[in-house]
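Right, one structure below, let's go through it.
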Amino acid sequence: MSEKFPFQVLVECSQTKARAGLFLTPHGTVETPRFMPVGTLANVKTITTAQLGETGAQMVLANTYHLHLQPGEAIVAKAGGLHSFMQWHGPMLTDSGGFQVFSLSELRQVTDEGVTFRSPRDGQVINITPEKSIQIQNTLGADVIMAFDECPPYPASREAVEAATNRTYRWLERCIATHQRQDQALFGIVQGGVHLDLRAQAAQALAKLNLPGYAIGGVSVGEPPELIHQIVKATAPFLPREKPRYLMGVGTYREMAKAVAAGVDLFDCVIPTRLARHGAALVQQGDRWNLKNAQFREDFTPLDETCPCYTCQNFTRAYLCHLVRSREILAYTLLSIHNITELIRFTQRMREAILSDRFTTEFAPWLTQSGTTDS
Ligand code: GUN
Ligand code: ZN
């Protein structure tokens, strides 16, 4: 199947494991490394699909868990699938629902069979198994679909993490057996918590399955960022060089730079849209500005004069400050457009640096940083 989803490594960094590549999908090519915006409910919160296209987005995420609860995959299928439903004609990826069940729903029970939980929408009891997750994702129709996994919490006992990691492997075998569509790539997910030996073992076992891509899951669940770096460094080398590697739920500058240096190609995170809804802008060097601050009230310069986004090309900090203070919905739209553009540009800059063998010099400030402050 992976012949259908070729991943081409164009250039490897001479000093790190970073690589620049191309991932081909039926809806277009993804240039890696690349940040992927999250469109949980078949929309990226507060922006239109047309605006999303102008951020430089290539692959966009949606969530099985949310779309199964509302509107249900049958309606998406009747609309002609996710691409047609939301009018995004580029590559798409759906997450499997496992992670969202663990983080969002109550009264959940996990057994080898699958997960049972109460819908936060209407209290209905819902069951998702690996088979069900794949059937839903086959129906939704994204280009990349994710294996149904169990993401252990942090902290958790080694026994609990080991059990979740082994269950994730057994579930992956069931996902592979269920997966029907040749035009969708099924990615496996490496779990293993903060236990580097479990990570290495899981990655080696998954690599043998010859999947079209691999994800590193179970990070950014409350552990110190330093552990994310260690986990990625202990996992990535065991994943096949010629397949894309995706670090799930990570979208901070330093963590992305260090992960790219360890050989990761793809990222997703809700940070840019979540920050926007709190009136905050991501700016270069990893800073976050609260646009509500009085210092911006009469600042008639763009947020970032080097940024090509619609927001920075047209509006001033003073205008954004005014919209945020007035709680106008447009504030969240304009800040989301900028924040997504900014994170994508950061990964594009890494790609260009790798292609011209400047990665370690240009990104040294990120690669050498170790502090625990999240940026
Ligand atoms: N999103 C962020 N982390 C994870 C994970 O561990 N598993 C899944 N399925 N999605 C995620
Ligand atoms: Zn901008």
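Remarks
- Picking from residues in segment 78-89 that are touching a residue at least 60 places away in the same chain (Cβ under 8 Å) and on the phi < 0 side of the Ramachandran plot, the one that is surrounded by the fewest Cβ atoms within 10 Å (Cβ to Cβ) is H89.
- Inter-residue pairs, beta-carbon under 8 Å, first basic (K, R) and in segment 187-205, second more than 15 Å from ligand 1 (Cβ to nearest atom), 6+ apart: R199/A234
- Filter result (over 23 Å from P237 (Cβ atoms) and open to solvent by less than 60 Å² (accessible area, probe 1.4 Å)) within segment 1-28: T25, G28
- Enumeration of residues in segment 276-292 that are assigned to a helix (DSSP H, G or I), more than 11 Å from ligand 2 (Cβ to nearest atom), closer than 16 Å to I344 by Cα and open to solvent by 30 Å² or more (accessible area, probe 1.4 Å): Q285
- Qualifying residue in segment 342-349 (condition: farther than 13 Å from Q284 by Cβ and within 9 Å of ligand 2 (Cβ to nearest atom)): no
- The criterion of at least 2 residues that are of a type in the set (K, R) and under 14 Å from Y253 (Cβ atoms) is met, among helices (runs of 4 or more DSSP H) falling completely within segment 293-375, by 329-355.
- Leading residue by the ranking (most open to solvent (accessible area, probe 1.4 Å)) among those in segment 90-116 that are away from ligand 1 (no atom under 15 Å from the Cβ) and at pLDDT 90 or above: Q109
- Strands (runs of 3 or more DSSP E) contained in segment 13-91 and holding at least 3 residues touching a Pro at 6+ places or on another chain (Cβ under 7 Å): 19-25, 28-32
- Qualifying positions in segment 254-267 - surrounded by fewer than 24 Cβ atoms within 10 Å (Cβ to Cβ) and not in a helix (DSSP H, G or I): A262, G263
- The listed residue being of a type outside the set (K, R), within 16 Å of ligand 2 (Cβ to nearest atom), open to solvent by less than 70 Å² (accessible area, probe 1.4 Å) and modelled with pLDDT of 95 or more, out of A57, A164, A156, A160: A57
- Selection status of R317, farther than 19 Å from R345 by Cα, away from ligand 1 (no atom under 16 Å from the Cβ) and open to solvent by 10 Å² or more (accessible area, probe 1.4 Å): yes
The values are calculated or read from the model by the stated rules, or taken from the named source; none is laboratory data. Since this is a predicted model, take the numbers as computed values, not measurements. For neighbour counting, all protein chains shown are included, and Cβ atoms are generated from backbone atoms with ideal geometry for every residue, glycine included. Each accessible area value is taken on the protein alone, full model and side chains, heavy atoms only, with ligands, DNA and RNA left out. Shrake-Rupley method; radii C 1.70, N 1.55, O 1.52, S 1.80 Å.
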